[in-house]
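These notes are about the structure you will find just below.
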Amino acid sequence: MSKSVQTLTPNRHTRRQLLLGTASAAALSLGHSPSWAAGQNVSGDALPGKGITVLPVKSALAEENFQTLLVMKALEQLGYTVKPWEELDYPLIHVAVANGDATFMANHWNPHHAEFYKQAGGDARLARKGVYAAGAAQGYMIDKKTAEAHKITHLDQLKDPKLAALFDIDGDGKANLIGPNAGWGGEAVVAHQIKAFGLENTVSYTQGNYPALIADTLARFKAGKPVLYYAWTPYWLSNVLRPGQEVVWLQVPRSSMPGVQAGTDTRLPNGRNYGFPLNNEYIVGNKTWVENNPAAGKLFEIMQIPINDISRQNQLLREGESKPSDINRHVDAWIKAHQKTFDGWIAQAKAAAAKS
């Protein structure tokens, strides 16, 4: 199993190559351009972001495009020149933002990405204020038919070889648990919990391209076969395999988290324990840049969208509306439907710049 945190240690030259690829020399100096200097963000201009370049960064998950583009459009309303986003794995995203090689990410999960946040320098180098989307859940799911037929409610019941064999895909007699990609953060939790709950002899952590594996999982479900997988919300899958209807969450025997989350109580307010704490999503920016750009800093702090809106947009992706023009249309439609809220964000951001 790969150790995701180990990918946090490339040297600065390698990080820039990973982030910007074949970008021009001018782009390579983004983190040190004059537009980052204190005072440049206001300068008497009507728009506080005039003349300042912003580089967003995100993972390769298409399900993050909507949230990222919404922040980009808001920044453009403030006059910032926003470059197309770059894509990296989460550990390098945090490092890139902390080092000033990128400006912000709009999909930081707390506490899920706590290890990446800490390793990149934490609050000393990153700005994280205000919840962008609240109440993201994670955990393990099986199809409801199998759960009810075999009275499976907890993950550790799969210590029973007969129950585990129900979810065997590759013929080795062990359950195949479809899990998150390396570098996402969740893979460390899954690997840790398989050991902590005594499942190593009966459960195999199946890892690879999660979207492809989930497509296979959905096909198995439609064929009437048992399925076992890690899932989270917001994600399109929860609109197809709906918790409580087609599938059910499995509980874990106790809270058990690795790394900086060790000791975290993962029980939910309803008393159930799915093995992961509820997460909030944040917009995280480079701390120095945010301090020098109070308009953007205020924007990052106050923007907030309902998590169900993200899930609905993700379902549109699943239904084929996944081209850049589609995502742009989705964001514009959301802004139009919430115009008063959006305009309020811009007004508060401008006010913050005026006070600085």
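The values are calculated or read from the model by the stated rules, or taken from the named source; none is laboratory data. Everything numeric here is computed off the predicted structure, so don't read it as measured data. Ideal geometry is used to build each Cβ from the backbone, glycine not excepted, and the neighbour counts take in all protein chains shown.
Observations
- Within the range 87-104, the set of residues being under 15 Å from the mean Cα position of the chain (by Cα) and either more than 18 Å from LYS118 (Cα to Cα) or not aliphatic (A, V, I, L, M) (or both) comprises GLU87, ASP89, TYR90, PRO91, HIS94, PHE104.
- Residue within the range 277-287 that is small (Gly, Ala, Ser), crowded, with 21+ Cβ neighbours inside 10 Å and in contact with a Pro (Cβ under 6 Å, 6 or more places away or on another chain) present: no
- Selection status of GLU301, of a type in the set (D, E, K, R), farther than 20 Å from GLN138 by Cβ and within 20 Å of the chain's Cα centre (by Cα): yes
- Residue in the range 232-241 that is surrounded by fewer than 18 Cβ atoms within 10 Å (Cβ to Cβ) and either touching a residue at least 40 places away in the same chain (Cβ under 8 Å) or farther than 19 Å from LYS145 by Cα (or both) present: yes
- Taking the range 170-188 as the range and being under 10 Å from TYR230 (Cβ atoms) and at pLDDT 95 or above as the test, the residues that pass are LEU177, ILE178, GLY179.
- Just so you know, in the range 111-154 the residues that are among the charged types (D, E, K, R) and not assigned by TED's automatic domain parsing to the domain that holds LEU166 include one that is surrounded by the fewest Cβ atoms within 10 Å (Cβ to Cβ), and it is ASP123.
- For the range 146-157, the set of residues classified as touching a residue at least 60 places away in the same chain (Cβ under 8 Å) and under 16 Å from LYS225 (Cβ atoms) consists of THR146, ALA147, ILE152, listed by residue number.
Residues checked against (1) within 30 Å of LEU316 (Cα to Cα); (2) in contact with a Leu (Cβ under 6 Å, 6 or more places away or on another chain):
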site	(1), (2)
ILE178	yes, yes
ILE194	no, no
GLU200	no, no
ALA212	yes, no
ALA219	yes, no
LYS225	yes, no
ASP265	no, no
